[in-house]
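The values are calculated or read from the model by the stated rules, or taken from the named source; none is laboratory data. Being a predicted model, the structure only gives us computed values, none of them experimental. With ideal geometry, Cβ positions are generated from the backbone for all residues, glycine too; neighbour counts draw on all protein chains shown. What goes into the accessible areas is simple: the full protein's heavy atoms, side chains included, and nothing from ligands, DNA or RNA. Shrake-Rupley method; radii C 1.70, N 1.55, O 1.52, S 1.80 Å.
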Amino acid sequence: MAGAYTWTGFDYRGEPNPYGWPDISNHTGLMDVCGFPKDKYYYLQSWWSDKPMVHLMPTTWNWPGQEGQPLRVIAFSNARRVELFLNGKSLGVQTMPQDGHLEWQVPYAPGRLTAKAFTNGKLMATDQIE
């Protein structure tokens, strides 16, 4: 817990932070003003929850004009290993460090990016963006 601090659970109107006018909301919560989880919500969930999960960033895989350009892809999970797939082709398996994250540099191609999380060889969770 040392060093981890979240100002609020939800974003809220008022105290515009970190942006100034014309922004009217504080964006430091784990969830947005509509109650949708943000990426840091999933990061903390991977630390503190026993419910199997995996979450990919970025949250979209729609980058027209970026074909072939390397994009940073991050995965949060509480499983032991995560395998990343682009359009069904494996981009490799990595071992998840405890309370950490995994990263891949993925040459962008339109389609579907999928993460599969495994513990002891058993599929525990999946996440995909397209």
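General remarks:
- Counting every C-alpha pair in the range 53-113, the share spaced more than 16 angstrom apart comes to 42%.
- Helical mean residue ellipticity (222 nm; -39500 (n - 2.57) per DSSP H run of 4+; nearest 500) of the chain: -2500 deg cm²/dmol
- Modelled FRET efficiency - R0 41 Å, THR95 with ILE24, Cβ distances, 0.05 increments: 0.40
- Based on Cα contacts under 8 Å between residues 6+ apart, the chain shows a relative contact order of 21 percent.
- For the chain, the Cα-based Rg and Dmax, in that order, read 16.4, 51 Å.
- Within-12-Å neighbourhood charge of THR114 [Cβ basis; K, R +1; D, E -1]: 0
- Rounded to whole numbers, the Karplus 3J(HN,Hα) couplings from phi for the range 61-73 are 10, 10, 10, x, x, 9, 3, x, 6, x, 10, 6, 10 Hz, using 6.51 cos²θ - 1.76 cosθ + 1.60 with θ = phi - 60°, and x at Gly and Pro.
- Rounded accessible area of TYR42 (nearest 10 Å², 1.4 Å probe): 60
- Taking a ≥ b ≥ c as the square roots of the Cα gyration tensor eigenvalues, the range 13-87 comes out oblate, since a/c reaches at least 1.5 and a/b does not exceed b/c.
- Here's how it looks for MET96: its modeled amide H is under 5 Å from those of ARG81, VAL82, which are all 5 or more places away or on a different chain.
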